[in-house]
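*Asks:* This is the structure I want to talk about, given as structure tokens.
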């Protein structure tokens with residue numbers, strides 16, 4: 001599969017402040033590639049350099065084998081962008097904004113199609129100043145797709161959206177990928193990254209500290225699985241003899257087991273073998289957020 005983006009040893013500073021210290025990765029055609037990290041990690045600066053919005057201090061950048069610093073006009077005909085901080089004239093209406101952007105696009109998408117896709121029908125004639133935060137976000141996402149981009153950059157895609165709108169947006173992004181568009185998603189929302197992305201670059205302190213699929217990141221760290229259930233049985237010492245079990249604790253009838261590997265399957269089999277069939281048997285599997293914490297030693301900031 002061909003690389004759409006190639007980043008080697010990217011560096012970017014603002015005076016004495018180092019925003020990106022040393023970032024390298026590639027993005028393959030047709031994938032949803034996530035850049036995950038806390039605020040201030042260097043995510044937004046990285047994608048702004050890739051779009052030619054900022055000039056890198058060092059490293060090599062190629063997008064569609066174009067140099068974003070010197071071939072910006074050619075590049076922007078092929079990409080879409082939803083920036084973290086955007087604004088429009090307060091009196092501009094939703095439909096006016098889409099038709100204006102479409103007028104400058106090389107291969108414009110019908111604004112009516114974008115209005116329907118991003119659930120903006122009720123806001124079609126509303127001025128920008130009258131839109132809620134979530135409605136503005138959906139408008140900016142629609143504007144990112146107005147030129148039918150081959151590659152789209154989405155920075156904090158679902159910021160300000162309610163849970164229902166977030167889920168609907170995720171499904172639309174998946175549909176867009178299935179139609180052939182490559183997506184670079186910048187986020188600090190762990191669930192979003194885990195649900196959408198084929199691969200993730202975890203960035204912290206201006207560096208890529210891990211790069212893998214979401215499940216690959218989790219598996220590489222051998223994070224514990226927690227199995228919980230309730231039972232009145234007093235002696236459960238035989239469960240501690242299972243190779244996958246690292247720790248067993250209980251509080252009255254509530255039992256918690258920590259381990260690695262196929263913990264749930266083996267614990268369930270052993271319980272049944274001893275005549276115990278708890279109705280509330282469940283497992284909490286490690287997530288991308290757990291992996292991030294293990295990699296960085298900190299919870300997500302911002």
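The values are calculated or read from the model by the stated rules, or taken from the named source; none is laboratory data. Just so we're clear, the structure is a prediction, and the values are computed from it rather than from any experiment. Ideal geometry is used to build each Cβ from the backbone, glycine not excepted, and the neighbour counts take in all protein chains shown.
*Asks:* Given the options 52, 34, 80, name the one that is buried (at least 18 other Cβ atoms within 10 Å of the Cβ), assigned to a strand (DSSP E or B) and modelled with pLDDT under 95.
*Replies:* Residue meeting the stated conditions: 80.
Here's the yes/no breakdown for (1) part of a strand (DSSP E or B); (2) under 16 Å from the mean Cα position of the chain (by Cα); (3) farther than 22 Å from residue 296 by Cβ:
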site	(1), (2), (3)
4	yes, no, yes
12	yes, no, no
22	yes, no, no
41	no, yes, no
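*Asks:* For the stretch 45-65, which positions are within 15 Å of residue 208 (Cβ to Cβ) and touching a residue at least 60 places away in the same chain (Cβ under 8 Å)?
*Replies:* Across the stretch 45-65, the qualifying residues are 46, 47, 50.
*Asks:* Against the definition (surrounded by 13 or more Cβ atoms within 10 Å (Cβ to Cβ), touching a helix residue (DSSP H, G or I) at 6+ places or on another chain (Cβ under 6 Å), free of Cβ contacts under 8 Å to residues at least 40 places away in the same chain and not assigned by TED's automatic domain parsing to the domain that holds residue 178), how does residue 264 come out, yes or no?
*Replies:* So residue 264 fails the test.
*Asks:* State which residue is surrounded by the fewest Cβ atoms within 10 Å (Cβ to Cβ) when the search covers only the stretch 270-293 and only residues that are assigned to a helix (DSSP H, G or I) and over 36 Å from the mean Cα position of the chain (by Cα).
*Replies:* So the residue we want is 273.
*Asks:* So, one more: Conditions: (1) crowded, with 17+ Cβ neighbours inside 10 Å; (2) out of contact with any strand residue (DSSP E or B) (no Cβ under 9 Å at 6 or more places or on another chain). Residue 7 meets all but one. Number of the miss?
*Replies:* Just one mismatch for residue 7, condition (2).
*Asks:* Enumerate the pairs (first residue in the stretch 66-83 and touching a residue at least 24 places away in the same chain (Cβ under 8 Å); second residue anywhere and buried (at least 17 other Cβ atoms within 10 Å of the Cβ) and in a helix (DSSP H, G or I)) with beta-carbon separation below 6 Å, excluding pairs fewer than 6 apart on the same chain, so at least 6 apart or on different chains.
*Replies:* Listed by first residue and then by second, the contacts come to 80/144; 81/144; 82/140; 82/141; 82/144.
*Asks:* I need the full set of residues from the stretch 210-257 which are within 18 Å of residue 285 (Cβ to Cβ), in a helix (DSSP H, G or I) and either in contact (Cβ under 8 Å) with a residue 60 or more places away in the chain or touching a strand residue (DSSP E or B) at 6+ places or on another chain (Cβ under 9 Å) (or both), in order please.
*Replies:* Within the stretch 210-257, 214, 216, 217, 218, 219, 220 meet the criteria.
*Asks:* Condition first: in a helix (DSSP H, G or I) and closer than 18 Å to residue 162 by Cβ. Now tell me which residues in the stretch 118-128 satisfy that.
*Replies:* Hits for the stretch 118-128 are 121, 122, 123.
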